[in-house]
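Step one of this worksheet: look at the structure below.
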Amino acid sequence: MEVVRRLPQKFPFSAIVGQETLKLSLLLNAVDPRVGGVLIRGEKGTAKSTAVRALLAVLPQMDVVEGCQYGCDPGDPAQWCDDCRDRRDEGPLPKIRAVPRMVDLPVSATEDRLVGTLDFQAAIREGERSFHPGLLAAANRGILYVDEVNLLDDHLVDTLLDAAAMGVNVVEREGVSLAHPARFILVGTMNPEEGDIRPQLLDRFGLCVGVEAMREPEARVEIVLRRHAFEEDPSAFARQWADAEDELKNRIRDARLRLPGVRLGEGILYAIADLSIRAAVDGHRADSVMARAAAALAALENRPEATLSDVERVAPLVLAHRLRRTPFSEVRSDTDTLRTALMDALSSGAGRSQEQEGSTAAGPGLGQASIFESLGSASSSSEDPADVCINVESDLDRTRRSIAGRRQTSVSDDGRGRYSRSEVPKGDVTMADVAFDATIRAAASRASDSKTLGDMALSVQPEDLRTKVRTRKVGASIVFCVDASGSMGSDKRIDAAKAAVLDLLVDAYQKRDRVALVSFRGNKAEVVLAPTASVELANVRLRNLPTGGATPLAAGIVSSLDILQSELRRQPDTVAWLVLVTDGRGNVGLDGGSGSEDARIAATRVRMANVHTIVIDTASGPTGGTAAREIARMAGGEYVRLSALDGAELGRVVRSRI
């Protein structure tokens, strides 16, 4: 008996409660995929993945070349794959109607799975090198969805950037050399608390929207009711929303037909250009995306031309993630900057535009205010900068400058990373580990005597088997251990230490390292921030660091060492760094012991654990203190005087060593 597999019912797009800005960004891409995709940032449980998966059900069908593994458009020969071009010589290409595909790219995917690889079965059976398409091929003319895109390995990000920029996947690997179309809507979701995203990839998303949990009790109740109804009977729930889904699908189809005729007036284009200049964004991609998004919005709302209102509504989605900012800029200040630039640009554009009249009010729930609210509500810091006059004068112990403390490329043993070379297997081998190209070459080198092959194109013996050696870049795990006792807080040197640590975190953000923060004061140490790649969390925790009390230096060092040893167990290739910010005067010991002696013993443990250490001395006086210098010596680390360095200079010194 044949078993029919049924795909799980998706939650209807029209049934999603609230999140109007999120839904708008997805619909704009559905109308015009050239908008460039969308990055959805927000906390857990805010319908990010639900909305993306629900979008597929409201996308209209499209024409595809029958039998084409890339789903080429029969009406667009310029974007055909090589196979379709070859088939055209035999006559008109047959076409069928198909639903666009949504392809999931898991963060654990290998490069082979993403770009494609050698078809091993064809090589063995027929002795031919043929290509087995990957996820980029499957996503052509569809949606490539990456959940937790901020956790994607760097080598996969590089591949995505190349394909997104060219619309083509170029494959040069394992004896296969070809290129195929790879035009897709890139949709990524991420929780900012779990890590940041590379700026190069961030810019590739046409739109960016922030989502958060609903704050109105009525909306939250409605979410629960709809979710329970869906889980109890998905089919009945889908039927309940079928009319709304069909209406939305027809609306998208009509908007696509209307889009080529939507007019963008000169005043609109000048307003867009002026806004991009005022927002100081890099390059010209923002201008193009904003124009396409405004036109798509007009088409979606059945209007023949785009207006300043359309620009006003899409601008925050286009510009929010393109503003020049450090990783520690407050979200609210970014929002205010964008709001000011938008108002000035719209006023300027209104003066040029001859067509734009009428209200700039947006549709229900999609106006400027709601969009700006979606960008975040972080409050600005009320702290004053440290009132410290600093001369640049370093005092470094240069006895420990080893390349071992730097980031490195390491051999991966978990199946992830870039395939760099092959080797003879050393143990059990899975199919994903087999280096097909090297295995076939090894078998071919023995096949000089064709009589032994019989009817086989190639005979692979156990001794021919080769496995892949994958490599990947290994980051650093950095623990900032900050002395928050009264000895630092009395003269605001804790503020200078904060500035220095924040400057160091910029490098961790760019290199995608993991960062932790430990503070010690009173009679204990506190893990303020567990190891993470999220700069936003680190920034908030560090700015709110309290001070005062005694100095349990030993507890701070031990707590930091425990974190680093846990990181090394999780990823043995991690480069472990301890950045200790203190005057070195520990006066609270462990379990009633001597504060200074326990601190020296703890520092010795750090040296024995092969953890790289930098001690930042915050002691007052022209020569600093000997206590911090002694801690650095016991830890086998480097010693730096904070009173002789500002935050930027200290960041440069440490950055050059990590």
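The values are calculated or read from the model by the stated rules, or taken from the named source; none is laboratory data. Since this is a predicted model, take the numbers as computed values, not measurements. Cβ: placed from backbone, ideal geometry, glycine included. Neighbour counts: every protein chain shown.
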Problem - Failed condition for residue 266, given (1) modelled with pLDDT under 90; (2) under 27 Å from residue 56 (Cβ atoms); (3) loosely packed, with under 14 Cβ neighbours inside 10 Å - result: (2)
Exercise for the section: Take residue 180 and decide whether it is buried (at least 18 other Cβ atoms within 10 Å of the Cβ), touching a helix residue (DSSP H, G or I) at 6+ places or on another chain (Cβ under 7 Å), more than 28 Å from residue 22 (Cβ to Cβ) and at pLDDT 80 or above. Expected result: yes
Exercise for the section: Exactly one condition in (1) over 15 Å from residue 32 (Cα atoms); (2) surrounded by 15 or more Cβ atoms within 10 Å (Cβ to Cβ); (3) free of Cβ contacts under 8 Å to residues at least 40 places away in the same chain is not met by residue 239; state its number. Expected result: (2)
Handout entry: helices (runs of 4 or more DSSP H) within segment 1-91 that include 2 or more residues more than 22 Å from residue 233 (Cα to Cα)
Key = 20-31, 82-88
Handout entry: Candidates 539, 587 - the one that is of a type outside the set (Gly, Ala, Ser) and either modelled with pLDDT of 80 or more or outside any helix (DSSP H, G or I) (or both)
Key = 587
Practice task
Go through 67, 42 for me and flag whichever is of a type outside the set (D, E, K, R), surrounded by 19 or more Cβ atoms within 10 Å (Cβ to Cβ) and farther than 24 Å from residue 165 by Cα.
Solution key: 42
Practice task
Inspect all residues belonging to segment 473-480 and state whether any of them is crowded, with 21+ Cβ neighbours inside 10 Å, within 27 Å of residue 152 (Cα to Cα), modelled with pLDDT of 80 or more and hydroxyl-bearing (Ser, Thr, Tyr).
Solution key: yes
Exercise for the section: Would you be able to tell me the number of residues in segment 595-637 that are within 13 Å of residue 578 (Cβ to Cβ), crowded, with 21+ Cβ neighbours inside 10 Å and modelled with pLDDT under 85? Expected result: 1
Exercise for the section: Mind counting the residues in segment 70-91 that are within 24 Å of residue 257 (Cβ to Cβ) and either out of contact with any helix residue (DSSP H, G or I) (no Cβ under 8 Å at 6 or more places or on another chain) or crowded, with 18+ Cβ neighbours inside 10 Å (or both)? Expected result: 9
